[in-house]
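Notes follow the structure.
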Amino acid sequence: MSAIPQERRVVTAIPGPKSQELQARRLSAVAGGVGSVLPVFTARADGGIIEDVDGNRLIDFGSGIAVTTVGASAEAVVRRASAQLAEFTHTCFMVTPYEGYVEVCEALAELTPGDHAKKSALFNSGAEAVENAVKIARAYTGRQAVVVFDHGYHGRTNLTMALTAKNMPYKKGFGPFAPEVYRVPVAYGYRWHTGPDNCGPEAAAQAIDQITKQIGPDGVAAIVIEPVLGEGGFIEPAKGFLPAIARFAEDNGIVFVADEIQSGFCRTGQWFACEDEGIVPDLITTAKGIAGGLPLSAVTGRAEIMDAAHAGGLGGTYGGNPVACAGALGAIETMREQDLNGKAKRIEEVMKGRLSAMAEKFDVIGDIRGRGGMIAMELVKDRTTKEPDAEAAGALARACHAAGVLVLTCGTYGNVLRFLPPLVIGEDLLNEGLDVIEAALAAV
């Protein structure tokens, strides 16, 4: 049972006076480049509720950007992490190893797609996982070039900024970026020039043609793609696109990397989103939902590829921290015991049903898409031209925040509302949050 009543409650303006006091302190102490979607300061969080320091309870449709999939105070995560804290906090796995790291790698080998021999390496953040996947692919192939896709997001380090498509706020003013990165089209069905029906094969042919002309397949170390593009707008590549790209990689000795940092661990109603079209990646990167809110990430893949890097070539002081590993084992336990894949599918059923009904009433809604507990609503000024409406997205988010529902925006054009509720959220709370969204649409 949740320690926090699973009820929306707005008792002050949002943000309230205590949050405003803390925000004043924050502005004098925290670098301005670190932003916040909503400056309400959290006191407690669990289930589908975030309670702030003023006593407001917000319905959480963000999950810390797909991190608190099992809730922000999941019993198994707290129990296992607390037990590990009492034993030791750190030794550095590269100095004196410990069982928890090995257990997480064993679990990843079992859960990730494919029945081939697998190994893993653990890190702290999603960007670190992607960067190390590229290192491993380069070591294995002896090649340098990396292919990524329009609308993709992969992180904020120098290499992962180069891999990321969106300039503002992720890249502007931070260059020069790492070389030998090439960007090709993705199958964005809603915005594909010939329409969604032909999008998958057409986009794949165009991407493969560009790779062949610009680099040559024998120069490509890795193709890196999110099976559902997250920050780019929860874009599901049109059917047929991912299998065609994966076949091209296999035929040309290119390492196919599925970036499942936002879409993994039951988020889309499957353990990993690439399973939807039967994709078995050579390497898969995970983070976010892996450890119930504790900092952990991983690269998992074919044993012979993972072993290509020399001893000492992979690692990091905190990578695979024992407390984070304990949290991951607790999160996986929760996902299994509570059938969070099934719960994600039910969230999709409820949300898509409600949002589709809203789309019939409000012309600003251009597209409803996504899978499981990873659902998005793209807003446009005109359904015919599909001109993005970032202003409406911002106004809608602010209206939801004021009414006690935390929602996030995303998209290359800033015009997408993304919904990432904890998969443990109660259905009554889910529907109440959707009621608020509908009222906000009517007001905006």
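The values are calculated or read from the model by the stated rules, or taken from the named source; none is laboratory data. Everything quoted here is computed from the prediction, not taken from an experiment. Because the Cβ atoms are built from the backbone with ideal geometry, glycine has one as well, and the counts that use them run over all protein chains shown.
Within segment 232-244, residues that are farther than 11 Å from GLY152 by Cα sit with their Cβ atoms under 8 Å from residues that are among the basic types (Lys, Arg), at 6+ positions apart or across chains, in these pairs: GLU236/ARG369; GLU236/ARG371. Among the numbered conditions (1) surrounded by fewer than 19 Cβ atoms within 10 Å (Cβ to Cβ); (2) modelled with pLDDT of 95 or more, the only one that VAL424 does not meet is (1).
Name the residues in segment 181-210 that are surrounded by 16 or more Cβ atoms within 10 Å (Cβ to Cβ) and among the acidic types (Asp, Glu), would you? Selection gives GLU202 alone.
Can you tell me which residue within segment 51-84, out of those that are within 21 Å of ALA376 (Cα to Cα) and of a type in the set (Val, Ile, Thr), is farthest from the chain's Cα centre (by Cα)? Full working, then the answer.
If we filter segment 51-84 for residues that are within 21 Å of ALA376 (Cα to Cα), which is where we start, we get 58-71.
Filter once more, keeping what is of a type in the set (Val, Ile, Thr): 59, 65, 67-70.
On the way: ILE59: 19, ILE65: 7, VAL67: 8, THR68: 11, THR69: 11, VAL70: 14 Å.
The residue in question is ILE59.
Flag: LEU406 matches the condition of being out of contact with any Lys or Arg (no Cβ under 7 Å at 6 or more places or on another chain) and closer than 16 Å to ILE59 by Cα.
Restricting attention to segment 98-116, does a residue exist that is crowded, with 23+ Cβ neighbours inside 10 Å and either modelled with pLDDT under 95 or of a type in the set (S, T, N, Q) (or both)? Within segment 98-116, one or more residues are crowded, with 23+ Cβ neighbours inside 10 Å and either modelled with pLDDT under 95 or of a type in the set (S, T, N, Q) (or both).
Looking at TYR170, is it within 22 Å of the chain's Cα centre (by Cα) and either of a type in the set (Phe, Trp, Tyr) or not assigned by TED's automatic domain parsing to the domain that holds ALA287 (or both)? Spelling it out, TYR170 is indeed within 22 Å of the chain's Cα centre (by Cα) and either of a type in the set (Phe, Trp, Tyr) or not assigned by TED's automatic domain parsing to the domain that holds ALA287 (or both).
Would you call PRO322 under 19 Å from the mean Cα position of the chain (by Cα) and either free of Cβ contacts under 8 Å to residues at least 12 places away in the same chain or assigned by TED's automatic domain parsing to the domain that holds MET94 (or both)? Write out each step before concluding.
Values: under 19 Å from the mean Cα position of the chain (by Cα): no; either free of Cβ contacts under 8 Å to residues at least 12 places away in the same chain or assigned by TED's automatic domain parsing to the domain that holds MET94 (or both): yes.
Against the criterion (under 19 Å from the mean Cα position of the chain (by Cα) and either free of Cβ contacts under 8 Å to residues at least 12 places away in the same chain or assigned by TED's automatic domain parsing to the domain that holds MET94 (or both)), PRO322 does not qualify.
Any chance segment 158-181 includes a residue that's part of a helix (DSSP H, G or I) and not aliphatic (A, V, I, L, M)? Within segment 158-181, one or more residues are part of a helix (DSSP H, G or I) and not aliphatic (A, V, I, L, M).
Take ALA298 and decide whether it is closer than 21 Å to LYS119 by Cβ, modelled with pLDDT of 95 or more and touching a Cys at 6+ places or on another chain (Cβ under 8 Å).
Against the criterion (closer than 21 Å to LYS119 by Cβ, modelled with pLDDT of 95 or more and touching a Cys at 6+ places or on another chain (Cβ under 8 Å)), ALA298 qualifies.
Summed over segment 54-92, residues that are surrounded by 18 or more Cβ atoms within 10 Å (Cβ to Cβ), more than 15 Å from ALA291 (Cβ to Cβ) and not basic (Lys, Arg) total 7.
In the set ALA291, ALA359, ALA303, which member is at pLDDT 95 or above, under 14 Å from SER120 (Cβ atoms) and either surrounded by fewer than 22 Cβ atoms within 10 Å (Cβ to Cβ) or among the charged types (D, E, K, R) (or both)?
Details: ALA291 fails: either surrounded by fewer than 22 Cβ atoms within 10 Å (Cβ to Cβ) or among the charged types (D, E, K, R) (or both); ALA359 fails: under 14 Å from SER120 (Cβ atoms).
Just a single option satisfies the conditions, and that option is ALA303.
Look at (1) buried (at least 22 other Cβ atoms within 10 Å of the Cβ); (2) more than 22 Å from ALA258 (Cα to Cα); (3) among the charged types (D, E, K, R) and you find that ARG336 fails only one, number (1).
A search for C-beta distances below 8 Å between a residue of segment 177-195 that is closer than 18 Å to ALA145 by Cβ and among the acidic types (Asp, Glu) and any residue that is surrounded by fewer than 19 Cβ atoms within 10 Å (Cβ to Cβ) and modelled with pLDDT of 95 or more, counting only pairs 6+ apart in sequence or on different chains, returns GLU180/GLN144. Restricting attention to segment 117-148, the residues being of a type in the set (Val, Ile, Thr) and either in contact with a His (Cβ under 9 Å, 6 or more places away or on another chain) or outside the structural domain of VAL224 (by TED's automatic domain parsing) (or both) number 2.
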